[in-house]
Amino acid sequence: MKLEILANRLREIGIKDLKKDEPLALHSSWKIGGPADVLVNVSDIPSLQKLIVFAKEWDIPFIVIGRGSNILFPDEGLRGIVAKFGKAFASVRTSGTSIVADAGMWTPRLAKIAASKGISGLEHVSGIPGTLGGLIYMNGGSLRRSIGDNVKSVLALDEDTNLIEISRDKCEFSYRSSLFQRKNYVILKACIEGIGDDPKNIKRRILDILAERKCKFPLKLPSCGSVFTNNAEIYEVCGPPGKIIEEAGLKGLRVGGLMVSTMHANFIVNVGGGRSKDALELISMIRETVHKRTGFWLECEVRYVTPKGKIAPLHEFL
Ligand SMILES: Cc1cc2nc3c(=O)[nH]c(=O)nc-3n(C[C@H](O)[C@H](O)[C@H](O)COP(=O)(O)OP(=O)(O)OC[C@H]3O[C@@H](n4cnc5c(N)ncnc54)[C@H](O)[C@@H]3O)c2cc1C
C-alpha cells in the first residue's frame, strides 16, 4: 500500500498522532535506523486496538516500541507500522505501597515518583533509560535485580486485542526474559508492589546508584546499554561479558561509526554516523573472537528489528 494511502486509511479509522516516513534513528538510543512507513504515538487503548486489527487485516508489519533503548533498527528502515509508547500513555497512580503505571512511563521518573511517595524497591531501575513496557518485556533491572521482582500483575492486549490481566507468576520472569518475548502481547499497564521506607533513604540510595553508573558506564555517547547478556554458565568460567571482551583486547575496536567502549567493553558506542550494518559486523567480530578464545558464544541482550518487522535477540540474525 502506498504511504499516502496508508496514512489516509489510518486517519479514517481515527488514528491521529501519526508520522509518515519517520526516521527510526530519532527513536533509538543508539541513534541508528532508517525510516518507518508510519509511526504512531499510542495515546489510548481503543485506537491501539483498531491499529492492530488494521495491520492484521492488511498484513502490514507491526511493531511496538518504547524509547528504543534496547533495539537496533535497520538502516533500510521498516516497511510497516511502529506503535510507540511514551509520554502520551504514561499516567501513574499510587496507593500505599502499590503503584499502577502505564507502559509509556519513563522508568527513571517512575523510580523518582515511588521514592517521593516512600515506596522502596524500584531504586535499581532508576538509571535505566526506557519505558515501563520495555522494562517489563526485557525483565530489565540492575544490581542483580529485575523488574519482575516488583511486578504484581500486567494488563496487556493479547493477539486478538482482548484485554488480559496477567499475574506475576504467569509472566514467566527470569533473567532478562519474560512471557512477553514469546507471545505477541502488548503491555499496557503494570501494578507494582514496593515496601514502605523513608523517602529520604530511598532518594539517597537512588543518588548512590546513579553516581556509580556514571563512573562505570559511557553515558555521554549513544548506545543500547549492555550488548550481551550475562550468561550464568559463561560467567562461572570466564566472568561477565565486559571482562571477557576486555581480556580479548577488543576495547576501542571500531567498525564505521561504532566502537567498543573504552570505558566498559559490554557497551558499543556510536561515535558518529554509526549504521546498523556496522553494529552487526562489530558484534559478529566480538562473538567470533570470544568464541575462539573461550569456546563460548556470547548472546545478545539487544534486539534487532528486520525491515519486515521481525524482532529477536540480535545474535539470531548473524
Ligand atoms: C545507557 C543505557 C543503559 C542501560 N542500562 C540498563 C540496565 O542497567 N539494565 C537493563 O536491564 N537495561 C539497561 N538498558 C537497556 C534498556 O534501557 C532497557 O532494556 C529498557 O527497559 C528498554 O526499554 P524501552 O522502552 O527503551 O524498550 P525498547 O528498546 O523500545 O523495546 C525493547 C523491547 O521491548 C518491546 N516492547 C517495548 N514496549 C513494549 C510494550 N508496551 N509492549 C510489548 N512489547 C514492548 C519492543 O518490541 C522490544 O522488543 C540500558 C540502555 C542504555 C541505552
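On the basis of being in a loop (DSSP other than H, G, I, E, B), open to solvent by less than 90 Å² (accessible area, probe 1.4 Å) and not assigned by TED's automatic domain parsing to the domain that holds GLY257, does LYS189 make the cut? No, not satisfied.
How about the range 277-302: which of its residues are under 22 Å from LYS31 (Cβ atoms) and surrounded by fewer than 21 Cβ atoms within 10 Å (Cβ to Cβ)? If the condition is that a residue be under 22 Å from LYS31 (Cβ atoms) and surrounded by fewer than 21 Cβ atoms within 10 Å (Cβ to Cβ), then LYS277, ASP278, LEU280, GLU281, SER284, MET285 are the ones that fit. When PRO129, PRO74 are screened for being closer than 30 Å to SER276 by Cα and more than 8 Å from the ligand (Cβ to nearest atom), only PRO74 passes.
Among the residues of the range 116-126, the ones that are part of a helix (DSSP H, G or I), more than 9 Å from the ligand (Cβ to nearest atom) and under 19 Å from SER146 (Cβ atoms) come to 1 in all. Note on the range 304-318: among residues that are surrounded by 16 or more Cβ atoms within 10 Å (Cβ to Cβ) and touching a Pro at 6+ places or on another chain (Cβ under 6 Å), the one that is farthest from GLY256 (Cα to Cα) is GLY309. If you go through the range 234-261 and pick out every residue that is exposed (fewer than 13 other Cβ atoms within 10 Å of the Cβ) and either touching a residue at least 40 places away in the same chain (Cβ under 8 Å) or within 16 Å of the ligand (Cβ to nearest atom) (or both), you end up with 1.
Strands (runs of 3 or more DSSP E) fully within the range 1-113 that include at least 3 residues being open to solvent by less than 20 Å² (accessible area, probe 1.4 Å): 35-41, 78-84, 98-102.
Return yes or no: is LEU143 in contact (Cβ under 8 Å) with a residue 24 or more places away in the chain, within 26 Å of ALA232 (Cα to Cα) and more than 8 Å from the ligand (Cβ to nearest atom)? Yes: the conditions hold for LEU143. Note on the range 158-186: among residues that are within 12 Å of the ligand (Cβ to nearest atom) and in a helix (DSSP H, G or I), the one that is most open to solvent (accessible area, probe 1.4 Å) is GLN181.
The values are calculated or read from the model by the stated rules, or taken from the named source; none is laboratory data. Since we're looking at a predicted model, the values are computed, not measured. Note: ideal-geometry Cβ built from the backbone for every residue, glycine included; neighbour counts use all protein chains shown. For accessibility, only protein heavy atoms count, side chains too; no ligands or nucleic acids. Shrake-Rupley method; radii C 1.70, N 1.55, O 1.52, S 1.80 Å.
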